[in-house]
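Asker: Starting off with a structure, shown below.
The values are calculated or read from the model by the stated rules, or taken from the named source; none is laboratory data. Owing to the predicted nature of the structure, the values given are computational and were not obtained by experimental measurement. Methodologically, a virtual Cβ is constructed for each residue, glycine included, from the backbone with ideal geometry; neighbour enumeration extends over all protein chains shown.
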Ligand SMILES: C[S@@+](CC[C@H](N)C(=O)[O-])C[C@H]1O[C@@H](n2cnc3c(N)ncnc32)[C@H](O)[C@@H]1O
């Protein structure tokens, strides 16, 4: 049975993102609408909530939620980077924009979609089933060097090279079609001593993460979305992001830190020559993680990290 998605760091997002009555909010990653429901309750009947997701399953959940809450609700089924760029081009303004990155439990638990190394399914992993590129193409068509680079960069997998070599060796005989075939190849690539180090966890985890990120262009979307999100915030508007691995969190951290930085003149210059003033105030100086209670109740929250920043007033001319 497909379980629903339990929203991660939900109390913290509401407290630090601070949606209030009448606010306009953009939820870039609607999923099962867990965060959206809480935000809708806070902004009330005079508020507007624009929800984005590229998965049609999320749109079905949206229709249910829209019938239950009082605020004005809209859904955009598209990549959130495209949605934010579109909204920015229209001069749209939002008091809060938030992203809850990665995939939902609904997606992981929908076995046939191939996101999980725990179930046997076709190699797919597309959040948007309408797009061309899927996991099968990557596994069977990318050359060995590119695969190794992918597993190293996006999976941070120290065994990237030997796993890529094994995949290429196997697919010469027959294409890899299923998640079980991929898991089998990854396990076979690793010497027994390395396999034993994984204990209860799967040696396929990092490779699956890497392929999923590539199939869905996750980091490219994140990189494009942050400046677009920032540009729709008026002074006082907040940007919040929940990341689930260091590749995401590093990008969010760097983006917000750059905006929070004022003068960039060398420290030995007697007066400021750059004239730069901070555009952002960091609401979270360090990333906020889940409480022990949340981790116990929802183990998938364990790697969640929330960062929030507020756009400061424009400096006086
Ligand atoms: C972690 S889930 C969000 C869960 C949601 N906050 C909730 O409480 O139910 C991430 C969602 O973002 C969507 N998503 C990920 N990357 C996206 C992108 N670039 N554009 C649009 N949606 C995206 C996924 O399809 C997934 O439904």
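Asker: Can you go through 81, 88 and tell me which one is away from the ligand (no atom under 12 Å from the Cβ), assigned to a helix (DSSP H, G or I) and either over 30 Å from residue 287 (Cα atoms) or in contact (Cβ under 8 Å) with a residue 24 or more places away in the chain (or both)? Show your work before the answer.
Answerer: On the way: 81 fails: away from the ligand (no atom under 12 Å from the Cβ).
The unique qualifying residue is 88.
Asker: Give me the pairs: first residue in the stretch 52-67 and closer than 12 Å to residue 40 by Cβ, second residue outside any helix (DSSP H, G or I) and modelled with pLDDT of 95 or more, beta-carbon distance under 7 Å, and six or more apart or on different chains, which are they?
Answerer: As it stands, the answer is 62/30; 62/33; 62/51; 62/75; 65/33; 66/73, since those pairs meet every condition given.
Residue-wise test of (1) within 12 Å of the ligand (Cβ to nearest atom); (2) over 25 Å from residue 304 (Cα atoms); (3) assigned to a helix (DSSP H, G or I); (4) in contact with a helix residue (DSSP H, G or I) (Cβ under 8 Å, 6 or more places away or on another chain).
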| site | (1), (2), (3), (4) |
| --- | --- |
| 4 | yes, no, no, yes |
| 7 | yes, no, no, yes |
| 13 | yes, no, yes, yes |
| 19 | no, no, no, yes |
| 22 | no, yes, no, yes |
| 29 | yes, no, no, yes |
| 35 | yes, no, yes, yes |
| 65 | yes, no, yes, yes |
| 107 | yes, no, yes, yes |
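Asker: Could you please find all residues in the stretch 204-215 being out of contact with any helix residue (DSSP H, G or I) (no Cβ under 6 Å at 6 or more places or on another chain) and surrounded by 19 or more Cβ atoms within 10 Å (Cβ to Cβ)? Please lay out each step first, then the result.
Answerer: Restricting attention to the stretch 204-215, the residues satisfying the condition of being out of contact with any helix residue (DSSP H, G or I) (no Cβ under 6 Å at 6 or more places or on another chain) are 205, 208, 212.
Selection gives 208, 212.
Asker: Checking the condition more than 26 Å from residue 308 (Cα to Cα), outside any helix (DSSP H, G or I), at pLDDT below 95 and away from the ligand (no atom under 15 Å from the Cβ), which residue from 262, 199 passes?
Answerer: Of the residues listed, the single one that is more than 26 Å from residue 308 (Cα to Cα), outside any helix (DSSP H, G or I), at pLDDT below 95 and away from the ligand (no atom under 15 Å from the Cβ) is 199.
Asker: Please determine whether any residue of the stretch 243-256 is surrounded by 13 or more Cβ atoms within 10 Å (Cβ to Cβ), within 15 Å of the ligand (Cβ to nearest atom), in contact (Cβ under 8 Å) with a residue 60 or more places away in the chain and under 21 Å from residue 93 (Cβ atoms).
Answerer: Looking for residues that are surrounded by 13 or more Cβ atoms within 10 Å (Cβ to Cβ), within 15 Å of the ligand (Cβ to nearest atom), in contact (Cβ under 8 Å) with a residue 60 or more places away in the chain and under 21 Å from residue 93 (Cβ atoms), one finds none in the stretch 243-256, hence no.
Asker: Please count how many residues of the stretch 289-317 are surrounded by fewer than 20 Cβ atoms within 10 Å (Cβ to Cβ) and within 17 Å of the chain's Cα centre (by Cα).
Answerer: 4
Asker: A further question follows. If you check 177, 157, which single one turns out to be away from the ligand (no atom under 16 Å from the Cβ), more than 30 Å from residue 232 (Cβ to Cβ) and touching a helix residue (DSSP H, G or I) at 6+ places or on another chain (Cβ under 6 Å)? Steps first, please.
Answerer: Working: 177 fails: touching a helix residue (DSSP H, G or I) at 6+ places or on another chain (Cβ under 6 Å).
After ruling out the rest, the residue left standing is 157.
Asker: Another question, if that's okay. Taking residue 97 as meeting all but one of (1) in contact with a strand residue (DSSP E or B) (Cβ under 7 Å, 6 or more places away or on another chain); (2) in a loop (DSSP other than H, G, I, E, B), write down the number of the exception.
Answerer: (2)
Asker: Continuing with this model, one more query. In this structure, does residue 132 turn out to be part of a loop (DSSP other than H, G, I, E, B), without any contact (Cβ under 8 Å) to a residue 12 or more places away in the chain, more than 14 Å from the ligand (Cβ to nearest atom) and farther than 25 Å from residue 251 by Cβ?
Answerer: Numbers: part of a loop (DSSP other than H, G, I, E, B): yes; without any contact (Cβ under 8 Å) to a residue 12 or more places away in the chain: yes; more than 14 Å from the ligand (Cβ to nearest atom): yes; farther than 25 Å from residue 251 by Cβ: yes.
Considered against the rule, which asks whether it is part of a loop (DSSP other than H, G, I, E, B), without any contact (Cβ under 8 Å) to a residue 12 or more places away in the chain, more than 14 Å from the ligand (Cβ to nearest atom) and farther than 25 Å from residue 251 by Cβ, residue 132 comes out as yes.
Asker: Among the candidates 163, 211, which residue alone is modelled with pLDDT of 95 or more, part of a helix (DSSP H, G or I), more than 16 Å from the ligand (Cβ to nearest atom) and under 26 Å from the mean Cα position of the chain (by Cα)?
Answerer: 163
Asker: Still on this structure, please answer the following. Of all residues in the stretch 41-59, how many are part of a helix (DSSP H, G or I), surrounded by 18 or more Cβ atoms within 10 Å (Cβ to Cβ) and more than 12 Å from the ligand (Cβ to nearest atom)?
Answerer: So the answer is 2.
Asker: Give the stretch 214-241 a look and list any residue that's within 15 Å of the ligand (Cβ to nearest atom), outside any helix (DSSP H, G or I) and within 23 Å of residue 310 (Cβ to Cβ), or say none.
Answerer: Listed by number, the residues that qualify are 240, 241.
Asker: For residue 238, state whether it is touching a helix residue (DSSP H, G or I) at 6+ places or on another chain (Cβ under 8 Å), touching a residue at least 40 places away in the same chain (Cβ under 8 Å), surrounded by fewer than 19 Cβ atoms within 10 Å (Cβ to Cβ) and farther than 17 Å from residue 167 by Cβ. Don't jump to the end; show me each part of the working.
Answerer: Values: touching a helix residue (DSSP H, G or I) at 6+ places or on another chain (Cβ under 8 Å): yes; touching a residue at least 40 places away in the same chain (Cβ under 8 Å): yes; surrounded by fewer than 19 Cβ atoms within 10 Å (Cβ to Cβ): no; farther than 17 Å from residue 167 by Cβ: yes.
So residue 238 fails the test.
Asker: Go through the stretch 112-129 and give me each residue that's part of a helix (DSSP H, G or I) and in contact with a helix residue (DSSP H, G or I) (Cβ under 9 Å, 6 or more places away or on another chain). Walk me through how you get there before you give the answer.
Answerer: First pass over the stretch 112-129, keeping only residues part of a helix (DSSP H, G or I): 112-113.
Across the stretch 112-129, the qualifying residue is only 113.
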